[in-house]
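Structure first, commentary second.
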Amino acid sequence: MATRTSRRRLLRGLAAGLPALAAGGALAQVGVLKAHEKPKSNPLPGDPGEWRGQFFQQALAERANGSAVETPVKPSELPGTAAVGQDAPSAAPRAAAALSEKADLVRMQEELRRALQKPVDQRKWTMVIDLRKCIGCSACTVACKAENHLPPGVVYRPVIEEETGTYPNVTRRFLPRPCMQCDDPPCVSVCPVGATSKRPDGIVVVDYNACIGCRYCITACPYGARYFDFGENYTDGTPRKEPYEEAPSPEYGREWKRDRGKSPVGNVRKCQFCLHRLNAGMLPACVTTCVGAATYFGDKNDPDSFVNELITSGRAIRLKEEMGTDPKVYYLV
Amino acid sequence: MRVAGARRQTMVPMVLALLWVVALAAGAVGVVQRLMTGHELSGYTSTIPWGLWVAAYVYLIGLSAGAFLLSTLIYVFGVRRLEPVGKLALFTALVCLLAALLAIWMDLGHMGRFYEVYTRGNPRSMMAWMVWLYTAYSVLLVAELWFALRGDLLARSAQPGFRGRLAASLLGRFGEAFAPSRGTAGDPDYDATADLRVVRVLGAVGVPLAIAFHGGVGALFGVVGARGFWNAPLYPLMFLVGALVSGGGLLTFIVAFFWPERDGERHRDVVSLLGRITLGLLALYALMVWAEYSITLYAAIPASSRPLYQVLGGPYPWVFWVFQVLLGTLVPAVILLARPRSVGWVGTAAFLVAASFLATRLNIVIPGLVEPQLPGLDRAYIDSRLTYQYFPSVMEWLVLIFVAAVATGLFYAGFRGLPLVVGRKEVSS
């Protein structure tokens with residue numbers, strides 16, 4: 001209930017702010033950034049809201065590759081976000097919770113940026129999922145599908161649902177299941193051509209241009225987190241493909257246009273913590289989309305990181321610890 | 001009466017030839033579908049990523065290893081009674097290997113990248129080792145077969161007609177340059193002893209190689225810790241024994257029905273001996289299956305035992321009970337015990353053993369994949385490619401029929417064109 005009310009407030013604020021933006025006031029204030037222009041301001045100014053806006057500008061501009069990109073609204077301009085980084089005003093506790101969620105995102109964003117300034121081998125990307133906050137909406141699943149342009153049958157982050165008890169005493173629990181990015185990944189050693197590997201920052205990746213599509217790694221993953229791209233499309237059986245199916249996937253920082261016989265069709269695919277977004281300074285799509293703010297992301301090698309705080313909270317568990325795979329996805333129970 | 005018999009003698013090959021042509025044509029349709037549409041028409045999924053073709057590959061490569069290891073009984077371990085089937089065993093091993101490679105090649109997501117296993121192979125992967133080992137094995141097999149055939153090819157190369165020309169071309173310059181003996185076509189002083197020595201050495205090298213590569217296929221499954229059903233140290237040994245059972249069965253069947261002089265006592269002796277070897281191996285394999293099943297079911301650890309319950313009573317229990325147990329074990333065992341000296345019965349029993357072993361391989365490959373890796377994963381996202389049900393699609397069956405037709409055609413061509421069943425004077429007793 002608390003979340004719903006605070007979200008309503010936020011939406012009301014957005015509705016109030018957008019006409020002003022359309023009128024050009026805000027655009028004139030923050031400017032319109034062309035892709036070839038670099039942001040002039042300090043990359044890490046004092047106000048996290050401000051730098052986040054600029055950072056997104058830069059990242060979006062990089063991805064747009066030549067097309068003009070409008071800057072998003074500065075978070076600090078949105079009602080309800082003014083208190084980010086400051087003490088919460090003496091409002092109702094529900095509003096404070098909403099602010100806290102936003103502050104979490106901003107903090108993770110800041111930590112991400114801090115981690116990116118370190119050499120890649122000194123980062124250890126880690127995800128924490130709070131199962132008490134997950135509402136099972138599957139927004140992360142959909143966001144992941146949209147972000148990575150995933151075809152039918154390829155789902156990097158399904159949400160497992162469990163129902164216990166009998167009516168009226170019924171409980172439902174939800175467990176999002178991304179790739180665990182194991183520190184000792186069984187999928188890597190079985191690959192006959194070394195097409196799948198663990199990066200220095202711990203993310204397990206697939207070299208689409210090397211993968212022969214033998215699917216041995218799928219059998220070796222203890223979490224069922226690998227998928228084969230069979231080359232199917234959502235519009236199979238209809239006169240033509242939809243534009244969203246023609247658009248290339250941005251995975252691994254490249255443009256992968258799906259076509260019969262060409263990678264990633266015929267490859268094994270998996271979650272890679274949205275590596276292309278990380279490299280652009282953005283959090284994984286599932287983290288920013290999470291309605292319940294249940295997914296956290298950061299650098300475990302950073303002792304002050306949010307994820308480290310959560311992992312050491314005493315609530316953290318990992319799946320199939322007995323397999324010795326040392327997953328980098330933690331669940332708070 | 002004699003006319004009817006003669007008509008039957010010409011009708012049977014005609015019908016078989018027609019069947020073969022139909023199988024090849026139908027299979028070719030499947031291959032074209034596979035090449036044109038990739039994996040879109042397949043029945044396997046992301047959750048059961050290996051299906052009929054992988055099982056067929058394991059089956060065929062087992063037949064190859066089994067036939068080869070039986071050939072070493074003759075060339076390495078000196079079981080002279082089996083001498084006449086030595087070359088046939090080697091050739092069978094070669095054909096089965098080629099068919100296995102064709103089946104697994106079709107299974108790859110990117111068929112054009114198979115060479116990467118050589119150019120950028122991962123030495124930590126059992127699959128890479130398997131490929132390297134069977135590459136070495138295939139080279140060895142061709143060389144051994146060539147040296148085993150060389151004497152007969154020399155003799156045949158002097159004959160007119162296609163067979164003579166084929167023999168001469170197979171000998172080629174390579175034969176003259178690298179053969180240990182100095183015999184050439186038509187040379188009356190040709191001595192097979194040196195060739196046989198080479199065959200013996202190659203066979204001796206081949207024994208550990210065949211054990212390594214087919215044990216390696218077992219290890220390929222056994223090392224997958226994520227699959228409780230596969231993750232058994234017994235697997236490499238079971239695969240080896242399974243290879244010997246199926247390879248022995250196939251060889252017995254071939255010798256029983258394709259031998260040129262099928263009514264002699266010597267033929268009966270050879271078939272009977274091969275039948276007894278097959279029976280012994282069948283009993284050993286049944287014991288291993290019992291060990292695996294009984295211990296797993298008794299321990300009742302879900303990751304291992306649930307797939308077994310799927311085998312025994314899942315959606316396709318007939319694969320186990322009808323093909324593996326009844327037609328693959330009980331019926332042939334009874335026949336081999338009751339009619340050990342009947343060429344026809346032993347050949348039939350051996351055929352049952354060899355053919356139904358595909359069911360045994362399916363019961364290894366598929367059940368290991370039918371259990372969700374995490375409880376509830378099967379219901380987390382509903383999609384036809386994420387289902388834990390598998391039955392091979394029409395395209396998969398057609399491709400398998402194509403592989404079988406190609407293998408049969410290759411075998412028949414070799415059987416007719418090469419001196420595989422001509423006993424050499426030097427070695428025949």
Having 3 or more residues that are away from chain A (no Cβ under 12 Å) and of a type in the set (A, V, I, L, M) is the bar; report the helices (runs of 4 or more DSSP H) wholly within the range B:341-421 that clear it. B:343-365, B:394-417
Of the residues in the range B:317-347 that are of a type in the set (F, W, Y) and more than 15 Å from B:L250 (Cα to Cα), the one that is least open to solvent (accessible area, probe 1.4 Å) is B:F320
Matching residues, the range B:81-138, being more than 8 Å from chain A (Cβ to nearest Cβ) and not in a helix (DSSP H, G or I): B:Y115, B:P123
Looking at A:G253, A:G213 in this structure, which one is farther than 30 Å from B:V223 by Cα, out of contact with any Ser or Thr (no Cβ under 7 Å at 6 or more places or on another chain) and without any contact (Cβ under 8 Å) to a residue 60 or more places away in the chain? A:G253
Taking A:Y223, is it buried (at least 20 other Cβ atoms within 10 Å of the Cβ), within 19 Å of B:R385 (Cα to Cα) and within 24 Å of the chain's Cα centre (by Cα)? yes
Any hit, the range A:189-200, residues being in a helix (DSSP H, G or I) and under 18 Å from B:R124 (Cβ atoms): yes
State whether the residues of the range B:306-316 include one that is open to solvent by less than 30 Å² (accessible area, probe 1.4 Å), within 30 Å of A:P152 (Cα to Cα) and of a type in the set (A, V, I, L, M). yes
Within the range A:216-247, restricting attention to residues that are in contact with a helix residue (DSSP H, G or I) (Cβ under 8 Å, 6 or more places away or on another chain) and of a type in the set (D, E, K, R), which residue is nearest to the other protein chains (Cβ to nearest Cβ)? A:E232
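Listed here are the residues, each with its yes/no results for (1) over 30 Å from B:P375 (Cβ atoms); (2) in a helix (DSSP H, G or I).
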position	(1), (2)
B:V241	yes, yes
B:G248	yes, yes
B:V255	yes, yes
B:R262	yes, no
B:R266	yes, yes
B:D269	yes, yes
B:G275	yes, yes
B:L284	yes, yes
B:L308	no, yes
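In the set A:R258, A:R277, A:R254, which member is out of contact with any Cys (no Cβ under 9 Å at 6 or more places or on another chain), within 18 Å of B:S46 (Cα to Cα) and among the basic types (K, R)?
A:R258
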Can we say B:L35 is modelled with pLDDT of 95 or more, part of a helix (DSSP H, G or I), surrounded by fewer than 22 Cβ atoms within 10 Å (Cβ to Cβ) and within 14 Å of chain A (Cβ to nearest Cβ)? yes
Just one of A:F273, A:F297 is under 21 Å from the mean Cα position of the chain (by Cα), on the phi > 0 side of the Ramachandran plot and open to solvent by less than 20 Å² (accessible area, probe 1.4 Å); which is it? A:F273
Within the range A:155-182, tally of residues that are loosely packed, with under 15 Cβ neighbours inside 10 Å and on the phi > 0 side of the Ramachandran plot: 1
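Residues are listed down the side, and each one gets a yes or a no for (1) in contact with a strand residue (DSSP E or B) (Cβ under 9 Å, 6 or more places away or on another chain); (2) under 16 Å from B:W397 (Cα atoms); (3) open to solvent by 20 Å² or more (accessible area, probe 1.4 Å); (4) not aromatic (F, W, Y):
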{"residue": "B:A17", "(1), (2), (3), (4)": "no, no, yes, yes"}
{"residue": "B:V31", "(1), (2), (3), (4)": "no, yes, no, yes"}
{"residue": "B:V54", "(1), (2), (3), (4)": "no, yes, no, yes"}
{"residue": "B:T72", "(1), (2), (3), (4)": "no, no, no, yes"}
{"residue": "B:L82", "(1), (2), (3), (4)": "no, no, no, yes"}
{"residue": "B:A100", "(1), (2), (3), (4)": "no, yes, no, yes"}
{"residue": "B:A103", "(1), (2), (3), (4)": "no, yes, no, yes"}
Can you tell me which residue within the range A:183-203, out of those that are open to solvent by 10 Å² or more (accessible area, probe 1.4 Å) and under 20 Å from the mean Cα position of the chain (by Cα), is nearest to the other protein chains (Cβ to nearest Cβ)? A:K198
Restricted to the range B:371-411, and to residues that are among the polar types (S, T, N, Q) and at pLDDT 95 or above, which residue is surrounded by the fewest Cβ atoms within 10 Å (Cβ to Cβ)? B:T408
From (1) of a type outside the set (A, V, I, L, M); (2) open to solvent by 40 Å² or more (accessible area, probe 1.4 Å); (3) not in a helix (DSSP H, G or I), pick out the condition that doesn't hold for B:F229. (2)
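The values are calculated or read from the model by the stated rules, or taken from the named source; none is laboratory data. As the structure is a prediction and not an experimental result, all values here were calculated from the model. Using ideal geometry, Cβ is built from the backbone for each residue, glycine included, and neighbour counts are taken over all protein chains shown. All accessible areas refer to the heavy atoms of the entire protein, side chains included, with ligands and DNA or RNA removed. Shrake-Rupley method; radii C 1.70, N 1.55, O 1.52, S 1.80 Å.
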